[in-house]
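Take a look at the structure below.
Throughout, read-outs are computed from the coordinates displayed, never taken from laboratory work. Keep in mind the model is a prediction, meaning the values are calculated, not measured. Virtual Cβ from ideal backbone geometry, glycine too; neighbours counted across all protein chains shown.
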Amino acid sequence: MAWTIEFTDPAQRQFGRLPKIVQKRIRKFLNERVATRSDWTPLAKALQGPLSGLFRFRIGDYRVVVSPEADRLVVLVVRVGHRGDVYD
């Protein structure tokens with residue numbers, strides 16, 4: 001069972017503003033470690049508070065906040081950014 005990775009429009013813009021080397025690292029993580037697993041939740045951390053229901057992946061100093069859509073097997077990326085800015 002493979003998951004599809006999709007980006008919201010705001011997340012795509014955030015991703016595009018990151019340095020190319022960081023983009024490559026994040027894309028590799030999502031494609032090789034998340035999309036290929038049947039259960040990617042051990043790689044993620046569930047968020048709390050206003051972001052409850054979402055998960056985050058830690059990739060170096062950057063965070064990728066996702067919303068799983070299990071009925072479509074889609075991991076929807078809703079935010080991407082540096083760890084100090086992504087939760088604002």
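Structure above, values below:
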quantity	calculated
Helix-only [θ]222 nm of the chain, DSSP H runs n ≥ 4, -39500 (n - 2.57) each, per residue, nearest 500	-6000 deg cm²/dmol
Amide H contacts of I59 (H built 1.01 Å from N, under 5 Å, at least 5 apart or other chain)	V64
Signed unit charges on C-beta, dipole axis of the chain, positive-most listed residue V22, F55, W40	V22
Dipole magnitude of the chain, debye to nearest 20 (Cβ charges: Lys/Arg +1, Asp/Glu -1, about Cα centre)	440
Choice from V78, V66, V22 with maximal GNM fluctuation in the chain (Cα, 10 Å cutoff)	V22
Length released on extending from T36 to T8, taking residue separation times 0.36 nm less the Cα-Cα span	8.0 nm
Correct option for Cα extents along the principal axes in Å [calculated from the coordinates] among (1) 31, 30, 23; (2) 65, 17, 9; (3) 37, 28, 23	(1)
Table column - 3J(HN,Hα) (Hz), the stretch 65-79, Karplus curve with 6.51, -1.76, 1.60, x for Gly and Pro	9, 10, 10, x, 10, 5, 5, 10, 6, 10, 9, 8, 7, 10, 8
Sequence-separation-based contact order of the chain, relative, with Cα cut under 8 Å and 6+ spacing, percent	33
Cα centroid separation, the stretch 7-23 to the stretch 46-88 (Å)	13
